[in-house]
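Presented below is the structure to which this report refers.
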Amino acid sequence: MSLGFLNLSMLIGIAGAAVPVVIHLFSKRREQVVDWGAMQFLEVEERRQRRFRFDELLLLALRMLVMGLVAAALARPFLASGGANSQASAGDARRDVVIILDASASMSIPIEGRSLFDRSIDWIREFSAALRPGDSLALLLAKDRVRPMIDPPTFDFGRIAAALTDLPAPRGGCDLTAAIVEALRILESTNNPEREIIILSDETRSAWRVDERAKWELLRSIRGKQRAAPRLWSVSPSQSPGESPASNGSLGPLQVSRGVIVPGREVRISGEISNSGSDPRTRSIELLIDGEVDAGATQVVGPIAPGGRSTFSAATSFDRPGDHVVTVRFADAADSIPSDDETHRVVTVVPALEVILVDGKPSAQPLGGELGFVRVALAPFGDPTRVVEVESVDAAKLDSAILSTCRVVILANVDRLGTDAAVALESFIASGGGAMVILGDRVDAEWWNESSGAWLPAKIGEFVKDASPGGVVGRPAPSSFRGPALEALGGSGQSPLGEASFASKRRLEPMPNAAVLARLDGGDPWIVERGHGRGRALLLGSGVGAEAGTLPVNPDFVPWIHRLVADLGSLDDGSKNLRPGEDVRFAIPVPPPGVEVVDVRTPDGRVIQSEVVRGGNTALVSVDASDPGVYRLDGQGAESGGVRYATVEADPRESNLERLSAADRIEMCKDWPFVILDSGENAVDRILRSATVRKHELWRPMILSALALLCVEIWMTRRATVGS
Amino acid sequence: MSGLHRSPFKGFSVEFAEHRQYGPGDEIRHIDWRAFGKTDRFFVKEFEEETNLKAYLVVDASGSMGYAGATESKLEQARRIAACLAYLMISQRDAVGLAAFDDEIREMIPPRSAPRHFSVLCGALERTRPGGETPLHRVIHGLAERIDRRGFIVILSDGFDRLDSLVDSLRHLRHRRHEVLFLQILAPEEEEFPFERPARFRNLEDSASSRPVHPRAIRESYLRRFRAHRSALVEALRGMNADYHRVSTSDSAEKALFDYLASRSRGVRPRAMTDPEFDS
C-alpha cells in the first residue's frame, strides 16, 4: 500500500500551515504592553497559567493542522493497493477517459450491414452510459488532423450523446499516433486517479503508423513522464474485423501539364489508379470541370492487378480565367471505400502570362540583342493563342509601376540598375514575382553582388570568354538538370540541350540557400535558383543571345525558355492544392466593414463559417481542413464567377487496407499498458473494471477532519477568550 | 496658638470648663481661692484645652501610584488632594506635616501651621515621583514609631499591599492613638478592568516583571480579588475605628474632598462602605 497524490503541486499549500505560527510570532512582536500597578490581583495559580499556555499551544497546533489538512486534501491524496493490471474492482476511484474515434475512410467499410464507424458510435454510447458520476470523458476524431469533438473532458455525458449525433462521415486518412499524443495532453490536466485512452479503430496498419518507431518511442516517453499515466486500449467494435475488401480502387493526386494555363489552350490532366483490393479490376473514369462532366474525357483503365497501379491521362481546356476545380472519379460502381474514388486539383487560368524584358544590350535588328530570340520564343509574332505577353522596357525606365503589370521580369546583360529600380525589383520578387537575370559581358558584377545580395541566387564571378572562332567555354549538362521546369528536358539520355554551346560565361558561386538547377559540362553552375519572400529568382551564367552561343538555335530552346518562364510565373504556389493535414487558406480582397466571417463549403457538403483575418491589401480566410476534397469559397473576386477553390489530397495510405499483423500487435503493446481488444463485446466491462492499482482517495475524510478540527478550534478559542 | 479643633483632651488652659473638688495630687496653684472664699471648700478649676491639630499627610509614591490609564495618575490625584488638605488645615491654623515614600520615606516634613509652611509642603509634593515597590505596611510601621505625639494621619495610597500586613500596620497607628484617614486612590481601569485584547501587563513597581494576560479570561477572577481586597480593607479600618474614603482618579480633587467632608460632617459611615459594590 502506498500513498500518492493526484495534484502534487497543491502540496505547496502545506506551507500554509506555517501561517498560524507566523501570525502568532507577529502578534507577539506587536503585543500591547500595559503598565499596571495592581499586579497582585492578576496573579493566577500556576496550574491555571500552565493550562493557559497549553491551550495556546494546542490552538496553534490545531490551526496548523487544519491548514495542513486542507492543503493536503487539495493535493488529492490516495492510498494505492494491489498489483499492476489488477482486474479487481477499481474501488471508488474515478476515471478520466479520452476516446479516439478513427474517422478515416476505411471506417466506412460496411460489415454485416453496418459500418465500423457506426458500430463505434454505438460502442461509445454504451461506454458513456456505464460511466459513473465523477468520471469524465473527452472525444477526439482521428483524421489526417486530430479534431477534438469534446475537449476538455466533460462530466456531462449528455454532451457526448449530442456530439455523437452530429459526427461527420468518415473520410480521408488518419494518424492515430498523433491522436494519442493529443489524448495524453488532455489527460495531463485532468484530476481523476484512473485514466484511460480508448482507441476505436479498424486496425488498418497505415492508421497506426506502425513502421514509424520513433513516434511510438515518443508516445511511450510522453506517457512515462505523466503523473498518473493512462492505460491504452484499442477496441475494434466489430466482432469480426473482416478481411481486406475484395474491391477497392483509389485515385492518386492529379498532375497538370502546364504551369500557366490560358483560356482555350489544351491542358493534359494525368494521374494514377491503384487497386488495393484482392481481385484484378478494370475501372472506368470520368473527368469533371467545376463539377460538370467532360463527356469526351471518359475512359476505361485496366485491368489492374491486385496491388497494382496504372496511369490515366485526359486532355481538356478552360474557356475563362479564374480558379477551376478538375475532378477525376470512377464512373463505375462504388467500391469498399467510396471516399478515395475521386481526386481533385485546382487550376488557375490566367488570360496570359505578362513578362517584361529588359535588354542590357538592345538591338534594332530582328532577333538581335540579348533577348531577341527569347522574345520570339515566348510570344511568336502573329500567334493568337500565345500564352505569354511580352513587353520590352529600357533598364533606365524600370520601376515599380512597370513591374506591377507583370509576373516575370527577364534582365539580360544589364550592367546595373538605378537605386529605385533595384529597390523595386527586390520588392517585386519578395511580393511573389519571378525574376530571371541573364549574365553577359556588360554586367557590373561588383554592383550586382553588393546591391542584390538579398535575393541574387549566386555571387557573380569573373567573365570567361573564348574569343577564337567557334570557341566554347561550356555546354549544358542535361544530367544535372533539376526541378520541375528542367527535369523533363534533362535526364541521363540524349537531350538536345546538351548540344548547345556557349562562347562566354560568368562563373557563379551559389548562395547557401540557393539551388543549382543546371550545371555546365565542366561542373560550373549554369542556372541557380533562390527563393525570396513569396517569389523566386533565377540566375543564368551565360547569355541567351546569338553572340553568346548556340542555345537560341537549339531545338529545345523554346520549351526550355517556356518552362523556365512558366515555372517562374506559375500561379500554382501550392496554396490551392494541399497535402493531407495542411490548412486551407484563401487570400481574398478585404471585405467591407462588418463582414467578419464567410461561408466555406467543405468536402462533405457542410457550410461552415470561417473567420476573416484582415491584412493590409488582402484578407485571409483559414479553414481547418481535416477532410480531403474540395473546399469552396463563393463570392470572392470577379473571375470564375467569384468562386475560389482549394483541394486537400486524400492520404494514399488510407487506401491500403492491410491489417495489423501479430508481430505489429506485439511491438505496439510492448513495454507499456496497451491492450488490443479484438472485439467490442465485454470491452466496456473489462475497461471499467480494470485498475492498475486500487486507489482510495482520502480528500473527503481529510476535509471532514479539518472541519471537525475547525469546530474544536472555534470552541477552544471561545473558551479562552470568553473565559471559563 | 488657638486652633479651631476641639481637643479631646481636657487639661488646664485658658478656657474654663468646670470646677472640681480638690483632691490629693492636685496642684495647690490650681485651687480657686475665690470659690474657697464663698464656699469654704477647695475647688480646682478645669479648663478646656484648645490644641492645634497635628496632621500628617502620608503620600504613597510607589510605582503602582504612577498608573494613569485614561485619567491623571493616582500619584497626581494624591498630590492634589494632599495639597488641598494641607491648605485647608493650615488655613485653620492646624499644623500639617508630610511623609512621602516609595521604597522608603523620601520626604518627612514635621507639622507646622505657619502659612508659609504650605509652600514647603507643595514643594515637597512636587518633588515626589513614582517609583519603587510598595512596602506600605512597613512605611506605616515606621511612621507609627517616628511620630511621638498623637495626631491625625491621612494616608493617600492605592492600598495595593498584602492585606494582613497592611491592616497590622494600620492597627499599629491606631495603637499609638493616631486618628487615621485612609484615602484609597484608584483608577477606573483598576476598578472595572475594561481591557479586551490580550496584552502584556508590566509591573509598574518592577519593570523587569511582566506577564501575558488575556483580559477576558481573568476579568472575573481579577474583579473578585480586587473587590475582596478593598472590602476587607474597609472592614478592617472600620473595625479599628479609622476613617476610609475611596477617591477615583476620574473625579476632581475638590469633589473628592467635598464628598469626604460631607460624609464626615454627616457622621455617616464612609461612602465606600455603603457602596453597593461591596455587596457583590
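Within region B:184-211, being of a type outside the set (A, V, I, L, M) and in contact with a Phe, Trp or Tyr (Cβ under 8 Å, 6 or more places away or on another chain) holds for B:Gln184, B:Glu189, B:Glu190, B:Glu191, B:Phe193, B:Phe201, B:Arg202, B:Asn203, B:Ser210, B:Arg211.
A quick yes/no check of all residues on (1) under 30 Å from A:Ser9 (Cα atoms); (2) under 27 Å from the mean Cα position of the chain (by Cα); (3) buried (at least 17 other Cβ atoms within 10 Å of the Cβ); (4) at pLDDT below 80:
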| site | (1), (2), (3), (4) |
| --- | --- |
| A:Leu219 | yes, yes, yes, no |
| A:Arg223 | yes, yes, yes, no |
| A:Ser234 | no, yes, yes, no |
| A:Asn248 | no, no, yes, yes |
| A:Leu251 | no, yes, yes, no |
| A:Pro263 | no, no, no, no |
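Scan region A:512-524 for residues that are surrounded by fewer than 24 Cβ atoms within 10 Å (Cβ to Cβ), in contact (Cβ under 8 Å) with a residue 24 or more places away in the chain and either within 32 Å of the chain's Cα centre (by Cα) or not in a loop (DSSP other than H, G, I, E, B) (or both) and the total you get is 5.
Taking only pairs six or more apart or across chains, which ones have beta-carbon atoms under 9 Å, a first residue in region B:247-261 that is at pLDDT 85 or above, and a second residue that is of a type in the set (Phe, Trp, Tyr)? Here the result reads B:Val247/B:Tyr260; B:Thr249/B:Tyr67, each pair linking region B:247-261 to a residue that is of a type in the set (Phe, Trp, Tyr). Within region A:62-81, residues that are in contact (Cβ under 8 Å) with a residue 40 or more places away in the chain have Cβ atoms under 7 Å from residues that are surrounded by fewer than 19 Cβ atoms within 10 Å (Cβ to Cβ) and hydroxyl-bearing (Ser, Thr, Tyr) in these pairs: A:Leu69/A:Ser705; A:Ala80/A:Ser2, counting only partners at least 6 apart in sequence or on another chain.
So how many residues does region A:647-688 have that are β-branched (Val, Ile, Thr) and part of a helix (DSSP H, G or I)? Before the answer, list the steps.
We begin by selecting, within region A:647-688, every residue β-branched (Val, Ile, Thr); these are A:647-648, A:666, A:675-676, A:684, A:687.
Narrowing the set further to residues that are part of a helix (DSSP H, G or I) leaves A:666, A:684, A:687.
Of the residues in that region, 3 qualify.
Please work out which residue is modelled with the lowest pLDDT, limiting yourself to region A:102-132 and to residues that are surrounded by fewer than 20 Cβ atoms within 10 Å (Cβ to Cβ) and under 13 Å from A:Leu688 (Cα atoms). Applying the filter and picking the extreme gives A:Arg132.
Only helices (runs of 4 or more DSSP H) whose full extent lies in region A:375-453 are considered here, and the ones with at least 1 residues that are among the charged types (D, E, K, R) and either surrounded by fewer than 21 Cβ atoms within 10 Å (Cβ to Cβ) or on the phi > 0 side of the Ramachandran plot (or both) are A:419-430, A:445-451.
Would you call A:Leu79 at pLDDT 90 or above, touching a Leu at 6+ places or on another chain (Cβ under 8 Å) and either away from every other protein chain (no Cβ under 14 Å) or surrounded by 14 or more Cβ atoms within 10 Å (Cβ to Cβ) (or both)? Talk me through it step by step, then tell me what you get.
Working: at pLDDT 90 or above: no; touching a Leu at 6+ places or on another chain (Cβ under 8 Å): yes; either away from every other protein chain (no Cβ under 14 Å) or surrounded by 14 or more Cβ atoms within 10 Å (Cβ to Cβ) (or both): yes.
No: the conditions fail for A:Leu79.
Restricting A:Leu486, A:Leu403, A:Leu456 to residues that are under 39 Å from the mean Cα position of the chain (by Cα) and at pLDDT 90 or above narrows the list to A:Leu456.
Taking region A:510-560 as the range and being of a type in the set (D, E, K, R) and either at pLDDT 90 or above or out of contact with any Asp or Glu (no Cβ under 7 Å at 6 or more places or on another chain) (or both) as the test, the residues that pass are A:Arg519, A:Asp521, A:Asp524, A:Glu529, A:Arg530, A:Arg534, A:Glu547, A:Asp556. Has region A:315-324 got any residue that is within 24 Å of the chain's Cα centre (by Cα), assigned to a loop (DSSP other than H, G, I, E, B), acidic (Asp, Glu) and at negative phi? Within region A:315-324, none of the residues are within 24 Å of the chain's Cα centre (by Cα), assigned to a loop (DSSP other than H, G, I, E, B), acidic (Asp, Glu) and at negative phi.
The values are calculated or read from the model by the stated rules, or taken from the named source; none is laboratory data. Being a predicted model, the structure only gives us computed values, none of them experimental. So basically every Cβ, Gly included, is an ideal-geometry build from the backbone, and we count neighbours across all protein chains shown.
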